[in-house]
Amino acid sequence: MGSPAFILGGRTPPLLTTVRAACKPFDSVLRSDPEPDIEDIAQVIEAAEREADAFFARNHVTGGMKQLFELGIARLDGRSDQAVFTLTQAMGGGKTHLMVSFGLIAKSPSLRQQVLDGASLKAPNGFGAAKVVAISGRQPSDRYIWGEIAHQLGKGAEFRRFWESGASAPGEADWMKLIGDEPTLIMLDELAPYLDYAQTKELGQGTLANVVTYALANLFSAAVKLPRCMVVVSNLSAAYQGASRSIAQTVANLSQEVRRSAKEITPVALNSNEIFDILRRRLFERMPGPEVVDRVASEYAKAMDEAVRSRTVARTPEQYAEEVHRCYPFHPRLRDLVALFRNNEKFRQTRGLMRMVSRIVKDVYTEGRADTVGLIGVQHMDLNDSDMRNEVLPLSDLQEAVAKDIADGGNSHAETVDRQVGSDAGSQAANVILCASLMRGVDAKAGLTKEQVIECLVAPGRAPDEFAGAFDALVKDAWYIHRGAGEVVYFAPQENITKRLQSEADKAPQPRIDEGIQRQLEEVFRARQGKVYAEVLALPELGAIDLSGQRKLIAINPDTKTPPELAEKLFSGLVQKNNFLIVTGSPTYFLNLEGAMRRLYAAEKVLRELRADDPLRSEVEDRRNTAEFDFLTQVENAFNRVWYPGRKPDRSLGLIEAKLELRTAKGKDGRSSLDGETAVEAALVKAGKYNPNPEASADAIIQRVAGNPETNQGGLLWPDGSGFNTIPWLDITTKAKEAARFEWFPPGGLDAVKRIAVTSGKWRDAENGKVRRGPFPVDKTRVSVTPESRSLDGEVRLSVVALDAGQTPRIHFAKGTTTVSTSDPEMTELSFSTTDLRIAFLAVDPKGVHPTGEPYVWRNEITIQHTVSPSADGKRVELFARPSAATIRYTLNGTLAREGTVYDGSFLVTPAMATGGSVLLRAIAIDGDLEGEETFHIPMTVRPSRPKNDDGDDGGEGTDMPPTLRDFVDEAKPATLVLDIRQSSTEDFFSLVTALKAASAEAVVPQVTVGESTAALSMRLGGDLRLKGEGLSAVVEAVRASMGRPDATVTSAVKSVSFPTGRDLIAFVDALKVDVGDPRTCVTQS
């Protein structure tokens, strides 16, 4: 191996017969490129007898071979009905090898008898030489499978018609005619890749794969009916794991055809001792006698007994000795370890095992290696051998693990352990764990426990503690060994967490670490509230600092100077000295930030790379949380001072120090946080630099800002001199960033102070964004008028207040005009109601302190209202200006009302004026400089839709306008109005009586009620009783008289009215303003 040969355990090994002394491998095994066997079924036909002899000389006849030999020979001899056989084992499981074996004995009677005798098989076989057809799906033929079978049988011409002009599947009868009664063996291997190929060849409505499936199904059916035909098929489902999904159904269909008549045979039982028979036969030319094996088994049993007594394993020594007898010269655990990863798709089972063990045997017999191996096992692999590492073992995803932890020319962790313990125990343990880590599959459980690993390594002359110590050291130092359930350990492509995190931390680029520290500091001090500062600069270069804009917090690298050198340079070199603050602290703790950041960086990087369902994710998250807390704790200690601009005790301007108390908090989710902003705010409030509520001390702040206007003395932000009483507000806010002595406010705090100064009269807003400080000239009197409410008729209630008019002001007013003087009446009530359109007010200070200002003219609002009443010709509309107006104009066609008709009384709108079911009325009221404009929609009745009659006539359109009453009624003919007309007041009732009298009409009045509530009399009149106006009035008056209440309320309901002429009907409707809607539905004439 790559590791040096050590004196095992520091002791001279006992007298153990080693495999090198007892066994002789074939020369081909010891060569770097062993001779190939006949492994391709396509070579069977061309194999010579001499080659066949050599083939069987080096191969063990397995149980699967014996089963196929017996059943197959019986079939070819005509003594069995079993015609189809399928070999069931995964890739590399011995299927092709078994086909080759049976093909050789089927074609050669002499070889057949020799092999049968050697395997102690009694199988009568008088059929002579069978015809043998060997088809490999990896060697497609232009004749297709059926044509190639016919060709190999020497009857190619008979099947030419099935391939010469395109693929056509032979039927069952065609196959039976072709094969006949002669002993015939047809072997089909690697069909899945052939079907994958055939799937790409379109043929008619399907593909060549469909034809192949049908042709082979007919072959199987024919074979069953023929007396001496035998078909052997390698397992389809496992034969070609690379097959595309497109052939999945085709393979399934063909597999089903096979299963209908096939006998399943397993070529090699990998979970039995049979595998050791194969290995011995294939790899060793000479084996020792039983006495040597007995001695070796005895020595290993003693070693196992010592391990049991040391409590490192729990194995029965006697049982172990029996296993050594069965497995010699191989370690009993070899089979179990290989069984762990035999389902790895990259390991070709029997073939892969053969190649792997052959390479291990070569390693054990390598010249220069210590001759100490009593039983060969996976622990003796030399993974510094590139062939073993790259070609033999399925290690594609573990190459890095092998290089770092197992074999790297003496530099791996296992080889380092070897040097530490003085033996190859570390490498042996690593090899065993590696082989237990190659499992693949849904239910794969990779790995071994410590006890299981030591059990694989126990050997004469090797103390169990040697392997136990090497195991512990390897697990501790290895980067790719992981722990699983039940204390098992295994290699995985990912580095284990401790080492992976350490590796990521060590190799993290310095710029990334610097950026990480900056990012974390920016997050710690982030301006979430933005009250004390708005932006954070973490560890900036001096030349990159820009203090324009809002206030900034700068976190700098601490030094031993007071104040820190960078902070002093900033203060002395910048104009905006009051627009930044510094946080810094301990240089010692600051140096610890890098190590803490590296650990945090590594944990976050690994988390990003892990899948969301990775079982390691929880552990890494815990590591991340711990690293995060550690980093923030270092920030706590490193940044414990805040420096702010101000006046020092010696009265000079500079940076002043305050204690910064940061506190890391842990959340329920395990994450940590540090609120630097709140801590900075608390420190500056305590120091008196930050005022969180400037409004509360606005008067004092105003004085500090503006100084004393009476003496023209400026303040901290306002220049001296009367020439600077009015200055731009921008100058004040700019100066606030420059004056180191000036305190800090929350955003908008200085503007809030300004508003208080203006509202209190200390300052005034001036033009162009300027502000003016007092003293100011005396203000002139003013009047403030506030409308408090407005009624529908335009009456407004006003509240009037005199401003800047002294303590006993007078207010004069004049209604209906825009001029007023002191000769006009004086207001005695400051709150009153009015319908005037204009009122002029004038405020006067009786003491003359405030000069009389200009009059204030209050103007009312004009609104327009309208009413709509029914008419025989349509609808009549009235307009009203509220409270009043000189003129009202209106239009009915949508044009501007200002250009419309002057309103001089109610007007008529007719259906002909309507658009979309209504008439658009636009009106404007004008009174001098006052105007009010409104738009109304006057709805007009639309004829309802009518369903179609039996003839399919819908009776006309359903959205046309009905005629007016005047247009509809024949004024000369009698007419009847059938319409519910209710009179809900006494006035309405007597208006009805009057209208009935004027029209000489008779009404059907179902109900009349005289009086109210419990003092009411309700009369129901017959439906055939028609009353004229005089009669109806007489009835009511009689009831009133009998009640003794001549003024009792009267209400009624009219059901219909009959008129002498249509003209009387029209007059009645106009008099009562009855809305008849569509007269066609309620007016009849005889």
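FYI, it's all coordinate maths here, none of it is from the lab. All values reported here derive from a predicted model rather than from experimental measurement. Neighbour counts run over all protein chains shown; Cβ positions are idealised from the backbone, glycine included.
Sorted ascending by nearby beta carbons within 10 Å, beginning with the fewest, 364, 642 become 364, 642. Taking other C-beta atoms within 10 angstrom as a stand-in for reagent exposure, 472, 1070 fall in the order 472, 1070, fewest first. Only lysines eight or more places from residue 815 in sequence, or on another chain, were considered; those with a Cα closer than 24 Å are 780.
For the chain, the longest principal axis of the alpha carbon atoms and the long axis of helix 587-609 meet at an angle near 80°.
Which of the aspartates and glutamates could a cross-linker span from residue 648 if the Cα-Cα distance has to be under 19 Å and same-chain partners fewer than 8 positions apart are dropped? Straight-line reach from residue 648, under 19 Å: 565, 568, 657, 738, 743. Remark: the range 16-21, residue by residue, has Karplus-estimated 3J(HN,Hα) of 10, 6, 7, 5, 5, 7 Hz, where x stands for each Gly or Pro and the curve is 6.51 cos²θ - 1.76 cosθ + 1.60 at θ = phi - 60°. Evaluating 6.51 cos²θ - 1.76 cosθ + 1.60 at θ = phi - 60° for every residue in the range 778-791, the Karplus couplings come out as 5, 6, 7, 5, 9, 10, 10, 10, 10, x, 9, 7, 9, 8 Hz, glycine and proline recorded as x. Considering only the Cα atoms of the range 863-939, their convex hull presents on average a projected area of 4.8 nm². What FRET efficiency do you get for residue 821 and residue 738 if R0 is 51 Å and r is their Cβ-Cβ distance, rounded to the nearest 0.05? With R0 = 51 Å, the Cβ-Cβ based efficiency is 0.40. Note on the chain: percent of Cα-Cα distances in each 20 Å bin, starting at 0 and stopping at the bin with the largest distance, equals 9, 18, 15, 14, 17, 17, 9, 1. Along the charge dipole of the chain, which of 517, 753, 478 sits closest to the positive end, that is, farthest toward it, with unit charges on the beta carbon of Lys, Arg, Asp and Glu (+1, +1, -1, -1)? Of the options given, the answer is 478.
Shown here for the range 794-867: trypsin sites (Lys or Arg not before Pro) in loop regions (DSSP other than H, G, I, E, B) with at most 16 other Cβ atoms within 10 Å, namely 847. With 0.36 nm allotted per residue and the present C-alpha distance subtracted, the residue 1026-residue 835 stretch has 63.7 nm of extension available. Rounded to the nearest 10 degrees, the inclination of helix 464-477 to the longest alpha-carbon principal axis of the chain is 30 degrees. Karplus-derived 3J(HN,Hα) values for the range 212-227, using 6.51 cos²θ - 1.76 cosθ + 1.60 with θ = phi - 60°, are 4, 4, 5, 5, 6, 4, 5, 5, 4, 5, 5, 4, 5, 7, 7, x Hz; glycine and proline are entered as x. A straight Cα-to-Cα reach below 25 Å connects residue 875 with the lysines 973, 997, 1055, 1073, residues fewer than 8 places away in its own chain not being considered. Computing FRET efficiency as 1/(1 + (r/R0)^6) for residue 1084 and residue 931, where r is the C-beta to C-beta distance and R0 is 51 Å, gives about 0.55.
Charging the Cβ of each Asp and Glu at -1 and of each Lys and Arg at +1, and nothing else, the dipole of the chain about its Cα centre rounds to 1580 debye. Within the chain, the longest run free of exposed loop sites, counting GluC sites (Glu not before Pro) that sit outside DSSP helix and strand states (H, G, I, E, B) and have at most 15 other Cβ atoms within 10 Å, spans 165-344. A simple spin-label model places pseudo-atoms 7 Å from Cα toward Cβ; at residue 82 and residue 893 they are separated by 10.9 nm. The modelled label-to-label distance for the pair residue 784/residue 224, using points 7 Å beyond Cα in the direction of Cβ, is 10.9 nm. Taking the Cα centre of the range 612-767 as origin and assigning +1 to Lys and Arg Cβ atoms and -1 to Asp and Glu Cβ atoms, the resulting dipole is close to 620 debye. Applying 1/(1 + (r/R0)^6) with r as the Cβ-Cβ distance of residue 653 and residue 861 and R0 = 51 angstrom yields a FRET efficiency of 0.25.
For the chain, adding -39500 (n - 2.57) for each run of n ≥ 4 DSSP H residues and dividing by the number of residues yields -11000 deg cm²/dmol at 222 nm.
Once backbone amide H atoms are built at 1.01 Å from N, residue 494 has no partners under 5 Å, excluding neighbours fewer than 5 places away on the same chain.
Which shape class, rounded, prolate or oblate, goes with the range 782-859 when its Cα gyration tensor gives a ≥ b ≥ c as root eigenvalues, a/c under 1.5 marks rounded, and past that a/b bigger than b/c marks prolate? Prolate, since a/c reaches 1.5 and a/b exceeds b/c.
Over the range 694-773, the ratio between the Cα radius of gyration and 2.2 N^0.38 Å evaluates to 0.98.
Against the empirical 2.2 N^0.38 Å (N residues), the range 368-437 has a Cα radius of gyration ratio of 1.05. Annotation note: trypsin sites (Lys or Arg not before Pro) in the range 979-1030 located in DSSP loop regions with a Cβ neighbour count of at most 12 within 10 Å are absent. Full extension of the segment from residue 678 to residue 772, taken as 0.36 nm per residue of separation minus the current Cα-Cα distance, would add 30.2 nm. Which shape class applies to the range 505-687: rounded if a/c is under 1.5, otherwise prolate when a/b exceeds b/c and oblate if not, where a ≥ b ≥ c are the square roots of the Cα gyration tensor eigenvalues? Prolate. Close amide H partners of residue 263, meaning residues 5 or more places away or on another chain with modelled amide H under 5 Å apart, are 84, 85, 86. Relative to the dominant Cα principal axis of the chain, helix 425-435 is inclined by about 70°. Cross-link pairs exceeding 24 Å between alpha carbons, from the set 552/689; 552/666; 689/737; 552/770: 552/666; 552/770.
Out of 639, 712, 783, whose Cα points farthest toward the positive end of the dipole of the chain (charges: +1 Lys, Arg; -1 Asp, Glu; placed on Cβ)? It is 639, whose Cα lies furthest towards the positive end. A simple spin-label model places the labels of residue 67 and residue 487 4.0 nm from each other, with each point 7 Å out along Cα-to-Cβ.
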